[in-house]
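Colleague: Before I ask anything, here is the structure I am working with.
Any read-out appearing in this document is the output of simple, stated calculations on the displayed coordinates, not a laboratory observation. For clarity, every value in this text was computed on a predicted model and none was experimentally measured. In this analysis, Cβ positions are derived from the backbone assuming ideal geometry, glycine residues included, and neighbour counts consider all displayed protein chains.
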Amino acid sequence: MSTTRRIAGAGIAAAALLSLAACGSGGDSAAEGGESSAPRSSAPASSPMNESAGGEGVTTAMDVYGPACSQVPTDGEGSVQGMIDDPVATAASNNPLLTKLVAAVGAVDGLADTLNSAENITVFAPADPAFEALGEQKFNELANNPDQLAPILQYHVVPQRYDAEGLAQAGEVESLNSDGGPVTIEGSGENITVNGAKVLCGNIPTANATVFVIDSVLMPGTNS
């Protein structure tokens, strides 16, 4: 699994993500939400998990699990089935669990489009209550300071596609923010944690990413 160079600002962050998207057939990019003009993808996200035709870490609607999955719409673009055909930023923008994440991604200029154009990534997506736990003042501070926000968002994106089983087997994964330290995976099956954060809805397939909605915002350098 490749790692990225240290990224200090939002402009550099976007450039790094674009380079990952350009060279990745094995998996690079980011997690995110927000409106995007990127075209919808027809990637075969319905391929069975770990099947060579779809690549390791590719899941289906049948693989989705977790207590918050019941809060996802049962039909429409925001449903699990609806998210399959969209790249990750577009898919997140339609998911009612991820409105704060969408706003955060939108605060970093161009990030939504670069995420949509990346290939084969894993995204740890904090649910709205996770951002609300930071407090409105802190959230607004980050939203108004992309240089601080970008490295935090990068820490939620792994440039390789994993399903829950693959994460458990890996134990540790490197994010796009390599300076933040490894992301630690503990537990097994449907009971894994990500730096101690619980998975609320996992194995969510999108056209270019597998998404795990989590209950905490991951802070670089503070993994448990």
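Colleague: Mind ordering 124-131, 192-199, 72-79 by average Cβ neighbours within 10 Å, highest first?
Modeller: Descending mean neighbour count gives 124-131, 192-199, 72-79.
Colleague: Report the full-extension gain for the segment residue 77 to residue 169: residue separation times 0.36 nm, less the Cα-Cα distance, to one decimal in nm.
Modeller: 30.0 nm
Colleague: With each pseudo-label sitting 7 Å past Cα toward Cβ, what's the residue 148-residue 193 distance in nm, one decimal?
Modeller: 2.7
Colleague: Also, I was wondering about something else. Using a 7 Å offset from the Cα along the Cα-to-Cβ direction at both residue 219 and residue 186, what is the distance between the two label points in nm, to one decimal?
Modeller: Simple spin-label model gives 1.8 nm for this pair.
Colleague: Could you tell me the convex hull volume per residue, in Å³, taken over the Cα atoms of region 150-212?
Modeller: Spread over its residues, the Cα hull of region 150-212 gives 82 Å³ apiece.
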